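Novice: Below is one structure. I have some questions about it.
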Amino acid sequence: MDFDLARSSATDIPPMDFKAELNEEQYEAVTAEPGPALVLAGAGSGKTRTLTYRVAYLLSKGVAPNEILLLTFTNKAAREMLHRVEELTGVPGRRFWGGTFHHVGHRILRIHGEPVGLKSGFTILDQSDAESFLGDLVKERDPTFFKEKTHPRARQLGEIFSMSRNTCHPLEESIRRFHPQHEELTGRMLPLFEAYMERKLKQQVVDYDDLLEYLLKLLREDAETARHYQERFRHLLVDEYQDTNTLQANIVDTIGVHHRIMAVGDDAQCIYSWRGANYDNIVTFPDRHPGAAVYKIETNYRSTPEILDLANRVLVNQVPASGFFKELRAFRGHRARPYMVQTMDSREQAQFLIKRIEGLTSEGYNLSDIAVLYRAHFQAMELQMELARLSIPFQITSGVRFFEQAHVRDLVAQLRFAYNPNDLTAFQRTAGLLPKVGPKTASKLHQHALEIARDRNISVVDALQSEKLVSKVPKAAADEWPSLVQSLKDVAESCRAGAPSATVQLAVAGWYEDYLRGAYSNFHARQEDLRSLVGFAGRFEDMQDMLAQLVLLNSETSDRSVDPDADALRLTTVHQAKGLEFPVVFVIGLAENLFPLRRAVEENNLEEERRLFYVSVTRAKDELYLCFPTIGRSNGPALSLKPSRFLQDLPTHLYESLRIQRERVW
DNA sequence: AGTCGAGTTCTTTTT
DNA sequence: GAACTCGACT
């Protein structure tokens, strides 16, 4: 067996009896020979366990931690995985290169970005920044584009571009395939796309897709860098492989020219095709990596046989029948069947939930054992209000996110501009806080500042202080201008000199503090948030690292009221629940048009909705409740809802219908 | 020309 | 709720 023992730097890990700790199927995969391997691990079959033991196994064979690249799909998954590896082997997670594709892309581009035009110091636009960036550009280049009602808005235009980039299809082809309704606009979109790409590079800003695209470009065009990483990462592990898109699969294949790739996934859980996830990646893996060993892990340790019967049935209903798996085998003993619960409306649904949750906690379950899953954020609104009213603690892993709150974004924008003065979007957000300064005015001021800076060979921030520029600031903003600029200047200087936490501290205490006091009534709560950013910054030595983390971690939620370890009910979207398990799961809003979502059905994505339902039900260990309201009131008139087709497709013997006791509503 | 406030409409999923 | 539209105001 060739695990390159010669290179071993003897990582000390405790001795492990792999055979005793794993089942037959897992053991085979964990101890696979180096070489391409596809691990098809069904829901609840110990996928993460297999992956972490694989890492431990590699270490036990003398592979050094820094020779392993661990790619995951979400930040949460990355954290979880590295944590478990550390628990198992004692090797700290930071000694591995592990994280999302985007993180790894950023990390490599920071060091080696020059050949593809990225100087160190580039900043990352998050989704909404990228949207307004694109929107402004379109208004400038093709002023009538948004006038037409049928044309895509900035957001959808961004999605169209993104789809083309993530699927590695030229824009024309991608539009024809995924957005045929806009095919006749292709001629107008092409130059906008090119301008979008050009302008980002000019300002040294990148969007999410750039982190992947430039990485691939770099690996393909810069032989030296490519060789460096190909030799360094002797073992690649890819989690949730079914959700990779073509761009990501290409990155994996390029770094992994040596074919020592272990791809782990479950085709039945592919739920990101709207982001370009390519179902075929997993199917064609053996073709792209000749000699690939295929391992199947089908024993389910998570759920009761009753829950699995229902889950398996969901897959049977797939059209067309596809994929690798037929059935999950239950390991656990029998318990009650899943419950089907019909309620009048979402309010009654909330009341039922709360009542049942009280029952469950009196049976001995902790609140944190219970999760409520839904298709879209807004479905949790009613429940949130009821829970708050009854002061039942809950933790919501979706909804308003910490880094998306206005004050956090404001502050981050200042940091970004101070760090990269070319970042117009960041400047627009900062300057736009002043009265009578909007996007247009800010853009002009920025333009002037860049020119002055170039002509006089001074910094952009200094240029903002020049008399010539100050004279162009609108009168209403003139008062505050000097203190804003001074604050930016302090922050910019600190960026170059000090630790990130000191820089953030300066920004929090600077001009923005005064602004915040005036702008918001809950000034203190918001200031608290910003102070916690100082603590966050303390974890970083490098400003760019911290800024990137701020943007890439934007799914981190605001848990101002609840600490993560608290005993609290979990509310989450199905997407965010992926990979997690809970003793008790409630799936709410299981009505036609909600789950499956109307729009998804209209766009022919029914099968993905079904997989999403499959993911939902396979989260449950002991008890599963499937809830649907019969009346929906979105806006104005109440409309009657039909139970989800996913429920109707289930034979009645697979579940038990629960009658709810009507209580007085008021 | 550009900003701002009032009123209206539609809400997916994540890096 | 946020994002958009429209008309008034600077």
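The values are calculated or read from the model by the stated rules, or taken from the named source; none is laboratory data. Here the structure is a predicted model, which is why all the values come from computation and not from measurement. Note that we place each Cβ from the backbone using ideal geometry, even for glycine, and neighbour counts take in every protein chain shown.
Novice: For A:Glu159, state whether it is within 16 Å of DNA strand C (Cβ to nearest atom) and of a type in the set (Asp, Glu).
Specialist: yes
Novice: Looking for whichever is out of contact with any Lys or Arg (no Cβ under 7 Å at 6 or more places or on another chain) and either within 16 Å of DNA strand C (Cβ to nearest atom) or at pLDDT below 90 (or both) here; the options are A:Thr503, A:Thr441, A:Thr430. Which one fits?
Specialist: Details: A:Thr503 fails: either within 16 Å of DNA strand C (Cβ to nearest atom) or at pLDDT below 90 (or both); A:Thr430 fails: either within 16 Å of DNA strand C (Cβ to nearest atom) or at pLDDT below 90 (or both).
Result: A:Thr441 is the single residue among A:Thr503, A:Thr441, A:Thr430 that is out of contact with any Lys or Arg (no Cβ under 7 Å at 6 or more places or on another chain) and either within 16 Å of DNA strand C (Cβ to nearest atom) or at pLDDT below 90 (or both).
Novice: To continue, here is another question. Just to be sure I understand the filter: pairs with C-beta atoms under 9 Å, separated by 6 or more residues or on different chains, first member in the stretch A:157-180 and more than 18 Å from A:Asn281 (Cα to Cα), second member aromatic (Phe, Trp, Tyr) and within 12 Å of DNA strand B (Cβ to nearest atom). Which pairs pass?
Specialist: A:Glu159/A:Trp274; A:Ile160/A:Phe178; A:Ser162/A:Tyr208
Novice: May I ask you to list the residues in the stretch A:253-268 that are closer than 13 Å to A:Leu40 by Cβ, crowded, with 22+ Cβ neighbours inside 10 Å and of a type outside the set (A, V, I, L, M)? Before you say what the answer is, go through the steps one by one.
Specialist: Step one: of the stretch A:253-268, the residues closer than 13 Å to A:Leu40 by Cβ are A:262-268.
Of the ones still in play, those that are also crowded, with 22+ Cβ neighbours inside 10 Å are A:262-266, A:268.
If the condition is that a residue be closer than 13 Å to A:Leu40 by Cβ, crowded, with 22+ Cβ neighbours inside 10 Å and of a type outside the set (A, V, I, L, M), then A:Gly265, A:Asp266 are the ones that fit.
Novice: Still on this structure, I have one more. Can you find, within the stretch A:579-623, the residue that is surrounded by the most Cβ atoms within 10 Å (Cβ to Cβ) among those that are within 11 Å of DNA strand B (Cβ to nearest atom), more than 20 Å from A:Thr74 (Cβ to Cβ) and hydrophobic (A, V, I, L, M, F, W, C)?
Specialist: Within the stretch A:579-623, the match that is surrounded by the most Cβ atoms within 10 Å (Cβ to Cβ) is A:Phe595.
Novice: Tell me, yes or no, whether the stretch A:199-213 has at least one residue that is more than 30 Å from A:Ala418 (Cβ to Cβ) and more than 16 Å from DNA strand C (Cβ to nearest atom).
Specialist: no
Novice: I'm trying to understand the selection: among the residues of the stretch A:344-369, which are small (Gly, Ala, Ser) and either at negative phi or under 32 Å from the mean Cα position of the chain (by Cα) (or both)?
Specialist: Within the stretch A:344-369, A:Ser346, A:Ala350, A:Gly359, A:Ser362, A:Ser368 meet the criteria.
Novice: Can you name every residue in the stretch A:132-183 that is of a type in the set (Ser, Thr, Tyr) and either closer than 21 Å to A:Gly432 by Cβ or within 15 Å of DNA strand B (Cβ to nearest atom) (or both)?
Specialist: A:Ser132, A:Thr144, A:Thr150, A:Ser162, A:Ser164, A:Thr167
Novice: Could you give me the residue pairs with C-beta distances under 7 Å whose first residue belongs to the stretch A:346-358 and is of a type in the set (S, T, N, Q), whose second residue is not in a helix (DSSP H, G or I) wherever it lies, and which are 6+ apart or on separate chains?
Specialist: A:Ser346/A:Pro629; A:Gln349/A:Thr343; A:Gln349/A:Ile588; A:Gln349/A:Cys627; A:Gln349/A:Pro629; A:Gln351/A:Glu663
Novice: Every residue in the stretch A:448-493 that is farther than 21 Å from A:Leu506 by Cβ, among the aliphatic types (A, V, I, L, M) and assigned to a helix (DSSP H, G or I), please.
Specialist: Those that are farther than 21 Å from A:Leu506 by Cβ, among the aliphatic types (A, V, I, L, M) and assigned to a helix (DSSP H, G or I): A:Leu450, A:Ile452, A:Ala453, A:Leu469, A:Val470, A:Ala476, A:Ala477, A:Ala478.
Novice: Let me ask something else. Among A:Val408, A:Val470, which is surrounded by fewer than 22 Cβ atoms within 10 Å (Cβ to Cβ), hydrophobic (A, V, I, L, M, F, W, C), free of Cβ contacts under 8 Å to residues at least 40 places away in the same chain and in contact with a helix residue (DSSP H, G or I) (Cβ under 9 Å, 6 or more places away or on another chain)?
Specialist: Going through A:Val408, A:Val470 in turn, just one is surrounded by fewer than 22 Cβ atoms within 10 Å (Cβ to Cβ), hydrophobic (A, V, I, L, M, F, W, C), free of Cβ contacts under 8 Å to residues at least 40 places away in the same chain and in contact with a helix residue (DSSP H, G or I) (Cβ under 9 Å, 6 or more places away or on another chain): A:Val470.
Novice: If you go through the stretch A:503-525 one residue at a time, do you hit one that is away from DNA strand B (no atom under 16 Å from the Cβ), closer than 23 Å to A:Ile452 by Cβ, aliphatic (A, V, I, L, M) and crowded, with 18+ Cβ neighbours inside 10 Å?
Specialist: no
Novice: Across the stretch A:383-419, which residue is nearest to DNA strand B (Cβ to nearest atom) among those that are assigned to a loop (DSSP other than H, G, I, E, B), out of contact with any strand residue (DSSP E or B) (no Cβ under 6 Å at 6 or more places or on another chain) and of a type outside the set (Gly, Ala, Ser)?
Specialist: Checked the stretch A:383-419; the qualifying residue nearest to DNA strand B (Cβ to nearest atom) is A:Val400.
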